[in-house]
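Values quoted throughout were computed directly from the atomic coordinates according to the rules given, and no laboratory measurement underlies them. What you see is a predicted model, and the numbers here were worked out from it, not measured in a lab. Counting neighbours? That spans all protein chains shown, and the Cβs are built from the backbone with ideal geometry, glycine included.
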Amino acid sequence: MTTTPTAARTVLISGASVAGPALAYWLRRHGFTPTVVERAEAVREGGYAVDFRGEALDVLERMGLLERIRALDTAMGDAALVDADGRQYATLPAVIFAGDLEVLKGDLTRMLYEATRDDVEYIFADSIASLTQDEHGVEVTFERGAPRRFDLVVGADGLHSRTRALTFGPEEQFVRHLGIYTAIFSLDNYLGLKNTGRLYAAPGKAANIFTARSNTEARAAFHLAAEHLEYDRHDRAGQQRIIAERFAADGWEIPRLLDEMAQAPDFFFDANAQVEMDTWSRGRIVLLGDAGYCAGPTSGRGTSQALIGAYILAGELAASGGDHTTAFAAYEREMRGYVTEHQRLGREGAERFFMPAPTQEILDMLAAQSPENTRTSPIRLRDYAAPSSLGSAPVTAAISAA
């Protein structure tokens, strides 16, 4: 005798960056019980600035976070392009690299965590080891914790998603490199910059430094052109050697930045890439944000996609009464065109990333054609209401942190 699957209520979310906590917020709002597992020992600090554009601002407002986020705006102005001797030769308009609102990623993730930690279970210092699903749920084993069973599993674990690999197959099947690698780290604002930055460019590489947190800090980045580099994603020293070797002969502030990089507590290195998939769900497992449809940093849309995707996924689950098959299909219908357009922007941005000493005229032209002035098609944000069968009152869950 065939039994009808019960409506989903418990949801495991892998990843506590932007997409995961945002989804947890909306799931609790709609009466679900989410659990967030994160391999890091705590909410990740550091990282570069992230942009909010268009409907993502509406999502933040509906979460009651928009004004608090605005208070953390980097207020970044135009940046100077400099040569190897530090001479300014052009100005990079802020509209090219900043969105409607820009904050440090670490500030955003901390705010999302604080908005959810009292009624969402967080498990830090652990990760998913295996996933076995059947008609009624998903059996999950963890690297450290005891096995547990959930109605649904959401992979919000980024470009190198473990959830995607376990459910759909190896990363190589879905990740498309954009020919750029980037290293990011924090440092003192030793140049005394005020709401601005400096950018140095050479053939196939670039470096920049921008102010952060009301000019009390700075963030720096190295970028290099390469189709594919062989390196261990967990070997910080090896990644830093790649950067140091590529920039060893460069002038300007590069020697100082290389020294700062070696000491930075929050160094991060990865490829600029996109994730292209025919579908974002399989059975009771679904992908969210970069794990399923990364558009690449050059799109300027990753954070917006994560926030909007979380809102729509949770809303469709509520609207369907917890019927994941209906909800996942609706989520993909709502998001697919939006994602496709942003991935196009990401590819175009990567193609012109390493411009040879651009003139001010070229930069002004790019500013006129930037995503800030060339709007993408809007995405519909429904007002989702949880069915009475799910309820809307949150149930407090314990917070587990290693």
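Tell me, what is the FRET efficiency for ARG236 and GLU276 to the nearest 0.05, using R0 = 35 angstrom and their Cβ-Cβ distance as r?
0.75
So, by mean Cβ neighbours within 10 angstrom, what's the order for 285-295, 203-213 with the highest one leading?
Going from most to least packed, we get 285-295, 203-213.
If you project the alpha carbons of the chain onto the principal axes, what extent comes out on each, in Å, largest first?
76, 39, 36
Among ALA319, ALA271, ALA248, which one shows the biggest mean-square fluctuation in a GNM of the chain, springs joining Cα atoms closer than 10 Å?
Judging by the Gaussian network model, the answer is ALA248.
In the stretch 99-128, whose amide N lies under 18 Å from the spot 7 Å out along Cα-to-Cβ of ASP73? List them in ranges.
Residues 99-105, 107-108 qualify, since their backbone N sits under 18 Å from the label point.
By how many degrees, 0 to 90 and rounded to 10, does the Cα axis of helix 302-319 deviate from the longest principal axis of the chain?
Computed tilt is about 10 degrees.
Suppose a student asked you for the relative contact order of the stretch 54-177, using Cα pairs under 8 Å spaced at least 6 residues apart; what percent would you report?
Normalised by residue count, the contact order of the stretch 54-177 is 12 percent.
For the chain, what relative contact order do you get, as a whole percent, if you take Cα pairs closer than 8 Å and at least 6 residues apart?
25
Give the residue from GLY192, ILE312, PHE124 lying farthest towards the positive end of the charge dipole for the stretch 10-368; charges sit on Cβ (+1 for Lys and Arg, -1 for Asp and Glu) and the dipole is referred to the Cα centre.
PHE124
Helix 324-351 sits at what angle to the longest principal axis of the chain, using alpha carbons and giving 0 to 90 degrees rounded to 10?
The answer is roughly 10 degrees.
I'd like the Karplus ³J(HN,Hα) series for the stretch 291-297: coefficients 6.51, -1.76, 1.60, θ = phi - 60°, whole numbers in Hz, and an x wherever there's a Gly or Pro.
4, x, 8, 3, 9, x, x
I'd like the Karplus ³J(HN,Hα) series for the stretch 268-273: coefficients 6.51, -1.76, 1.60, θ = phi - 60°, whole numbers in Hz, and an x wherever there's a Gly or Pro.
Here the 3J(HN,Hα) series is 9, 9, 6, 7, 7, 8 Hz.
Considering the options ILE285, PHE142, SER299, tell which one lies farthest towards the positive end of the dipole of the chain, charges being +1 on Lys and Arg and -1 on Asp and Glu at the Cβ, about the Cα centre.
Value computed over the given set: ILE285.
Using a 10 Å cut-off around each Cβ, can you sort HIS342, HIS136, HIS234, HIS177 from fewest to most neighbouring Cβ atoms?
HIS234, HIS136, HIS177, HIS342
Measuring from centroid to centroid over Cα atoms, what is the spacing of the stretch 150-196 and the stretch 21-94 in Å?
Comparing the Cα centres of the stretch 150-196 and the stretch 21-94, I get a distance of 14 Å.
Dividing the convex hull volume of the alpha carbon atoms of the stretch 40-185 by its residue count, what do you get in Å³ per residue?
Taking the convex hull of the Cα positions in the stretch 40-185, it is 180 Å³ per residue.
Given +1 on the Cβ of Lys and Arg, -1 on the Cβ of Asp and Glu, and no further charges, what dipole in debye does the stretch 100-215 carry about its Cα centre, rounded to the nearest 20?
740
Which order, highest average first, do 128-135, 218-225, 31-38 follow once you tally other Cβ atoms within 10 Å for each residue and take the mean per peptide?
Ranking, from highest mean packing down: 31-38, 218-225, 128-135.
Just rank LEU345, LEU191, fewest to most, by other beta-carbon atoms within 10 angstrom.
Going from sparsest to densest Cβ surroundings: LEU191, LEU345.
Which percent, to the nearest 5, of DSSP beta bridges fully inside the chain are antiparallel?
The answer is about 70 percent antiparallel.
Counting Lys and Arg as +1 and Asp and Glu as -1, each charge on the Cβ, what is the dipole of the stretch 10-368 about the Cα centre in debye, to the nearest 20?
120
Considering the zone a paramagnetic label at GLU135 would reach in this model (a point 7 Å from Cα along the Cα-to-Cβ line), which residues of the stretch 311-336 have amide N under 18 Å from it?
323-326
Using +1 on the beta carbon of Lys and Arg, -1 on that of Asp and Glu, and nothing else charged, what's the dipole of the stretch 293-358 about the Cα centre, debye to 20?
Approximately 240 debye in magnitude.
Against the longest alpha carbon principal axis of the chain, how many degrees, from 0 to 90 and to the nearest 10, is the axis of helix 236-247 turned?
30
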